[in-house]
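What follows is one structure encoded as structure tokens, with my remarks underneath.
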Amino acid sequence: MRLRNISGSREAIAASRYVIQEPEAMKGRWNEAFGNRRPIRVEIGMGKGRFIMEQAGLHPEINYVGIEKYSSVLLRGIQKMEADPLPNLFFIRMEAEYITDVFGREEVDRIYLNFSDPWPKDRHAKRRLPSREFLQRYDAILKKDGVIEFKTDNRELFRFALDEIEPAGWRLEQMTEDLHHDERMMRDNVMTEYEERFSSMGNPIYKYIIAR
Ligand code: SAH
């Protein structure tokens, strides 16, 4: 059976208290979901949630929202939260294209993109999470001094992402083509599931941090 078809995952998600069921209703009032006014950081495409759950555990002073479009992978994150709940983390099952319906202007402090789908065909470039179309959406929700942190092992996607920065009106703050051998950028690095897998295969990990 393919993971994507795990039966009942949609029902389990609909019943979970760790999932925001109507995220559009939270737009502009996410502080109410968390019960405080701490900064909110979002991972788009969280997969099973290893990265965002570790971040949330390390930083109780920060709030986290994990976005994932596939129920079956999100379900893994929910199961981990049930075993070990974190008060400063919520999940949303959604397609990230609609992120501006869910967060208001300057509501987000930082966005993480980790090992985003490459969409290798040119005609699918708009679907890539670091594309100029998505950067425009992030611009609409991120604080003025907020940053985007992007990691991937995909060289073509990284090249594409670098070329999108200036046309979209952003600026490169930091970058490396070999994160695991870059002492400065490795400081406080939290490994993602894909990062562990691909770096153990010997692939270099690319990372940038961008701001406006
Ligand atoms: N961030 C995790 C998973 C990487 S795989 C890690 O680094 O280990 C990429 C994940 O992003 C997949 O689970 C995929 O379903 C999700 N994803 C890709 N595009 C998305 C989109 N547009 N909206 C929501 N989730 C997306």
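FYI, it's all coordinate maths here, none of it is from the lab. As the structure is a computational prediction, the values presented were derived from the model and not from experiment. Cβ sites come from the backbone with ideal geometry, for glycine too, and all protein chains shown count toward neighbours.
If R0 is 22 Å, the Cβ-Cβ spacing of K121 and R159 corresponds to a FRET efficiency of close to 0.90. Multiplying the residue separation of E133 and R187 by 0.36 nm and subtracting their alpha-carbon distance yields 16.4 nm. Once the Cβ-Cβ distance of N36 and Q174 is raised to the sixth power relative to R0 = 25 Å, the FRET efficiency obtained is 0.30.
Looking at the chain, send over the antiparallel percent of its DSSP beta bridges, to the nearest 5. Of all bridge pairs located within the chain, approximately 30 percent are antiparallel.
Tell me which lysines have Cα within less than 18 Å of K69's Cα, excluding those fewer than 8 residues away on the same chain? Here the lysines satisfying the reach criterion relative to K69 are K48, K80, K126. Relative contact order of region 1-98, taken over Cα pairs closer than 8 Å and 6 or more residues apart, is 35 percent. A simple count of charges around E196, restricted to other residues whose Cβ falls under 13 Å of its Cβ and scoring Lys, Arg +1 and Asp, Glu -1, yields 0. Based on DSSP H segments of at least four residues, each scored -39500 (n - 2.57), the chain has a per-residue ellipticity at 222 nm of -8000 deg cm²/dmol. A simple count of charges around A125, restricted to other residues whose Cβ falls under 13 Å of its Cβ and scoring Lys, Arg +1 and Asp, Glu -1, yields +1. Cα centroid separation, region 13-59 to region 90-166: 17 Å. Within the listed set D109, D163, D188, the Gaussian network model of the chain (springs between alpha-carbon atoms below 10 Å) gives the highest mean-square fluctuation for D188. Here region 117-206 is treated with +1 on each Lys and Arg Cβ and -1 on each Asp and Glu Cβ, and its dipole about the Cα centre works out to around 460 debye.
Treating the beta-carbon of each Lys and Arg as +1 and of each Asp and Glu as -1, no other charges, what is the dipole magnitude of region 86-133 about its Cα centre, to the nearest 20 debye? For this selection, approximately 280 debye. Given +1 at the Cβ of Lys and Arg, -1 at the Cβ of Asp and Glu and no other charges, the dipole of the chain around its Cα centre is 440 debye to the nearest 20.
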